[in-house]
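The values are calculated or read from the model by the stated rules, or taken from the named source; none is laboratory data. All of these numbers come straight from a predicted model, not from anything done at the bench. Note that each Cβ is placed from the backbone with ideal geometry, even for glycine, and that neighbours are counted across all protein chains shown. Keep in mind that these areas ignore ligands, DNA and RNA; they rest on the heavy atoms of the full protein, side chains included. Shrake-Rupley method; radii C 1.70, N 1.55, O 1.52, S 1.80 Å.
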Amino acid sequence: KAGVTQTPRYLIKTRGQQVTLSCSPISGHRSVSWYQQTPGQGLQFLFEYFSETQRNKGNFPGRFSGRQFSNSRSEMNVSTLELGDSALYLCASSLNGQGASGYTFGSGTRLTVV
Amino acid sequence: GESVGLHLPTLSVQEGDNSIINCAYSNSASDYFIWYKQESGKGPQFIIDIRSNMDKRQGQRVTVLLNKTVKHLSLQIAATQPGDSAVYFCAENAGGTSYGKLTFGQGTILTVHP
């Protein structure tokens, strides 16, 4: 069974630009969560989507947004990029995002802001 | 201010030894815990999980112990192999409305010498 697919794998953007990252969850999984991983802050939760609705949100500025489509695929967008947004962005797929439902991660998108 | 990189704890063992990686968690409401392994350039890979109504769970070569009294989690790897070299993270979910949100520890770097 296919795992979690994130595209693109690598991205280089300039400060001030915006970027959109994509995540396709495991077939049948309806919850998608996004995380930012940096050497300085570790892995931090951005937000979670289920049935096209954002149910949970971490402590990130409004420049970080997301959405989910009816097929459960999710995108996250970062507007007005800053150098500090350079990070590995990971998404995690789960059946329903509740309790002990298990969370499977993709390989991530490595974003570099120059 | 300037961000400071996380100084990850390190554990260095010889091939064939048993390894123990520890994790302290802060949220007494957390009821689900997962250990992940992350290799360079990859996303976190699920190792084993445990619910708060258990204090021990065993998998293939791995055992997770949970001590809720002191909010401590440990991962034991038997007969450690060079392929086990990676960064290991514990993660917790608080259940309830913590949809899709995992709170990660800072990670431990495991190095296995042949």
- By the gyration tensor of its Cα atoms, with a ≥ b ≥ c the square roots of the eigenvalues, what is the shape of chain B: rounded for a/c under 1.5, prolate for a/b over b/c, or oblate? oblate
- Message: Using only the alpha-carbon atoms of region A:16-114 as identical scatterers, what base-10 log of I(q)/I(0) does the Debye formula give at q = 0.18, 0.23, 0.24 Å⁻¹?
- Response: -0.78, -1.23, -1.32
- Putting +1 on Lys and Arg Cβ atoms and -1 on Asp and Glu Cβ atoms, find which of A:109, A:99, A:86 reaches farthest to the positive end of the dipole of chain A. A:109
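Could you calculate the contour length gain from residue B:39 to residue B:8, that is, 0.36 nm times the residue separation minus the distance between their Cα atoms, to one decimal place in nm? Before the final figure, lay out each step's value.
Numbers: separation 31, 0.36 × 31 = 11.16 nm, distance 1.45 nm.
That works out to 9.7 nm of additional length.
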- Message: Please list, in order along region B:27-39, the HN-Hα scalar couplings obtained from phi with the Karplus expression 6.51 cos²θ - 1.76 cosθ + 1.60 (θ = phi - 60°), rounded to whole Hz, x for Gly and Pro.
- Response: 8, 5, 7, 5, 10, 8, 9, 9, 10, 10, 10, 10, 9
- Count, for each residue of A:85-96, the Cβ atoms from other chains sitting within 10 Å of its Cβ, then give me the mean as a whole number. 2
- Message: Give me the three principal axis extents of the protein assembly as shown from the C-alpha atoms, as integers in angstrom, largest value leading.
- Response: 49, 38, 35
- Query: Assigning unit charges at the beta carbon (Lys, Arg +1; Asp, Glu -1) and nothing else, what dipole magnitude in debye, to the nearest 20, does the protein assembly as shown show about its Cα centre?
  - Reply: 480
- Message: Of B:106, A:53, A:25, which is farthest towards the positive pole of the protein assembly as shown's charge dipole, taken about the Cα centre with +1 and -1 on the beta-carbons of Lys, Arg and Asp, Glu respectively?
- Response: A:53
- Query: region B:76-114: which residues show an accessible-area loss of 40 Å² or more, assembly versus chain alone, 1.4 Å probe?
  - Reply: B:99, B:100, B:101, B:102, B:104
- Task: Under 9 Å from the Cβ of residue A:97, count the other residues' Cβ atoms, weight Lys and Arg +1, Asp and Glu -1, and hand me the total.
- Result: +2
